[in-house]
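The values are calculated or read from the model by the stated rules, or taken from the named source; none is laboratory data. Keep in mind that what you see is a predicted model, and the values were worked out from it rather than measured. All Cβ positions, glycine included, derive from the backbone under ideal geometry; neighbour counts span all protein chains shown.
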Amino acid sequence: MEDLARNRVNLNEVITHWPDMLKVAGSLVTNQVRAYDLLRLFGRDGRPAPLGAAFAEYGRIAKTEHLLRVVDPVDDTYRRQMNRQLTVQESRHKLARDVGHGKRGTIDQAYRDGMEDQLSSAMTWARGRCAPAR
């Protein structure tokens, strides 16, 4: 745990840039700016800009909370939830592999509108919920 707890979050940096951070978040939510443009703005010449460094510090708070919840010896609810999510994703990947293996990874028919939804419908059906045909 010492390696995890060696650094501290610089709250002064977050507090200083908080109004600008809220503006950035609002711009993202309202689609007034693209995330790609923000990433370019946050780091220039390999070094983070002050606003980018403030977002990095803010992200360290969530990272610390995540790590503390993962290693919590008393309450394993968070670990169980993570395991459940991984199991669902692994099931989806297994179905996609099985479908791809049965067809040897090839698409043997011409493209039709809605063809990309076929795998999505197959996954929904495999989870035990019948989806309406598209």
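When Asp98, Asp72 are checked against the criterion of being within 30 Å of Trp18 (Cβ to Cβ) and either modelled with pLDDT under 85 or outside the structural domain of His17 (by TED's automatic domain parsing) (or both), Asp72 stands alone in meeting it.
Restricted to helices (runs of 4 or more DSSP H) entirely inside the range 28-105, those with at least 1 residues that are more than 30 Å from Ile15 (Cα to Cα) and polar (S, T, N, Q) are 77-102. Can we say Thr16 is at pLDDT 90 or above, of a type in the set (Ser, Thr, Tyr) and part of a helix (DSSP H, G or I)? Judged against the criteria, Thr16 is a match.
The single residue among Ala56, Ala62 that is surrounded by 11 or more Cβ atoms within 10 Å (Cβ to Cβ) and either modelled with pLDDT under 85 or of a type outside the set (D, E, K, R) (or both) turns out to be Ala56.
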